1. Mind listing just one residue for me: the one in the range 97-115 that is polar (S, T, N, Q) and touching a residue at least 60 places away in the same chain (Cβ under 8 Å) and, of those, least open to solvent (accessible area, probe 1.4 Å)?
2. Select from the range 77-96 the residues that are surrounded by 17 or more Cβ atoms within 10 Å (Cβ to Cβ) and within 10 Å of the chain's Cα centre (by Cα) and list them in ascending order.
3. Considering the range 68-115 alone, what residues qualify as being among the aliphatic types (A, V, I, L, M) and assigned to a loop (DSSP other than H, G, I, E, B)?
4. Determine whether residue 34 is under 15 Å from the mean Cα position of the chain (by Cα), farther than 24 Å from residue 112 by Cβ and open to solvent by 60 Å² or more (accessible area, probe 1.4 Å).
5. Working only within the range 1-14, note down all residues that are within 16 Å of residue 112 (Cα to Cα) and either in a strand (DSSP E or B) or open to solvent by 50 Å² or more (accessible area, probe 1.4 Å) (or both).
6. Given (1) open to solvent by less than 60 Å² (accessible area, probe 1.4 Å); (2) without any contact (Cβ under 8 Å) to a residue 12 or more places away in the chain, where does residue 52 come up short, assuming only one miss?
7. Determine if the range 57-69 includes at least one residue that is at pLDDT 95 or above, among the basic types (Lys, Arg), open to solvent by 10 Å² or more (accessible area, probe 1.4 Å) and out of contact with any helix residue (DSSP H, G or I) (no Cβ under 7 Å at 6 or more places or on another chain).
8. From the list 38, 102, 45, which one is basic (Lys, Arg) and touching a Ser or Thr at 6+ places or on another chain (Cβ under 9 Å)?
Amino acid sequence: QAQIVESGGGLVQPGESLTLSCDASGMGLTLVPKAWDRQAPANQRETIATVTGRTSADYVESVKGRFTVSIDNAKTSMYLQMNDLKPGDTAVYYCGFQSVSRVYWGTGIQVTVAS
C-alpha cells in the first residue's frame with residue numbers, strides 16, 4: 001500500500017504564489033509521479049497537470065503559464081508551484097503517483113484564494 005501526502009496549502013490573496021508538496025512512500029512499490037488534480041466547490045474533479053518528465057508536464061489551459069510541476073531526483077516528492085493565483089483556483093488539490101497496477105492519490109489539501 002502506498003502513502004501519498006500533500007502539504008503546503010492554505011489561504012492566499014489573489015496574485016500571490018503558493019507551492020504544494022507531495023510525498024510518496026510505499027513498501028515494495030515502485031511509484032512514479034503521475035498528476036495533480038483539483039476539485040473546486042460544486043465542480044467535478046479535473047486533472048490540471050499530467051507529468052511527462054522530471055521537469056515537464058502537460059497543463060490544462062486554465063493554469064498553463066502559471067503553474068509548474070517539478071520532481072525531486074529520487075522521484076518520491078513532487079511539487080506544484082502556483083503563481084498569480086486567482087479566486088478560481090480555490091479548490092482541494094490532489095497529487096497522484098503511479099504504480100504498476102494503479103494510481104495512488106493523496107487525501108487532498110485545501111487552497112483558498114481570496115482577498
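1. Pass one, the range 97-115, residues polar (S, T, N, Q): 98-99, 101, 107, 110, 112, 115.
Add one more test, that the residue is touching a residue at least 60 places away in the same chain (Cβ under 8 Å), and what stays is 98-99, 107, 110, 112, 115.
Working: 98: 55, 99: 11, 107: 124, 110: 84, 112: 44, 115: 135 Å².
If we take residues in the range 97-115 being polar (S, T, N, Q) and touching a residue at least 60 places away in the same chain (Cβ under 8 Å), then 99 is least open to solvent (accessible area, probe 1.4 Å).
2. Matches in the range 77-96: 78, 79, 80, 82, 92, 93, 94, 95, 96.
3. To start, the set of residues in the range 68-115 that are among the aliphatic types (A, V, I, L, M) comprises 69, 71, 74, 78, 80, 82, 85, 91-92, 100, 103, 109, 111, 113-114.
Result: 74, 85, 100, 114.
4. Yes, satisfied.
5. Of everything in the range 1-14, those that are within 16 Å of residue 112 (Cα to Cα) and either in a strand (DSSP E or B) or open to solvent by 50 Å² or more (accessible area, probe 1.4 Å) (or both) turn out to be 6, 7, 10, 11, 12, 13, 14.
6. (1)
7. Taking the range 57-69 as the starting set, the residues that turn out to be at pLDDT 95 or above are 57-69.
Applying the additional criterion that residues be among the basic types (Lys, Arg) yields 64, 66.
Applying the additional criterion that residues be open to solvent by 10 Å² or more (accessible area, probe 1.4 Å) yields 64, 66.
Checking the rest, the ones that are also out of contact with any helix residue (DSSP H, G or I) (no Cβ under 7 Å at 6 or more places or on another chain) come to 64, 66.
Within the range 57-69, one or more residues are at pLDDT 95 or above, among the basic types (Lys, Arg), open to solvent by 10 Å² or more (accessible area, probe 1.4 Å) and out of contact with any helix residue (DSSP H, G or I) (no Cβ under 7 Å at 6 or more places or on another chain).
8. On the way: 102 fails: touching a Ser or Thr at 6+ places or on another chain (Cβ under 9 Å); 45 fails: touching a Ser or Thr at 6+ places or on another chain (Cβ under 9 Å).
Sole residue among the options that is basic (Lys, Arg) and touching a Ser or Thr at 6+ places or on another chain (Cβ under 9 Å): 38.
The values are calculated or read from the model by the stated rules, or taken from the named source; none is laboratory data. Model, not experiment: these values are computed from the prediction. No Cβ is skipped: glycine too gets one built from the backbone with ideal geometry, and neighbour counts run over all protein chains shown. For accessibility, only protein heavy atoms count, side chains too; no ligands or nucleic acids. Shrake-Rupley method; radii C 1.70, N 1.55, O 1.52, S 1.80 Å.
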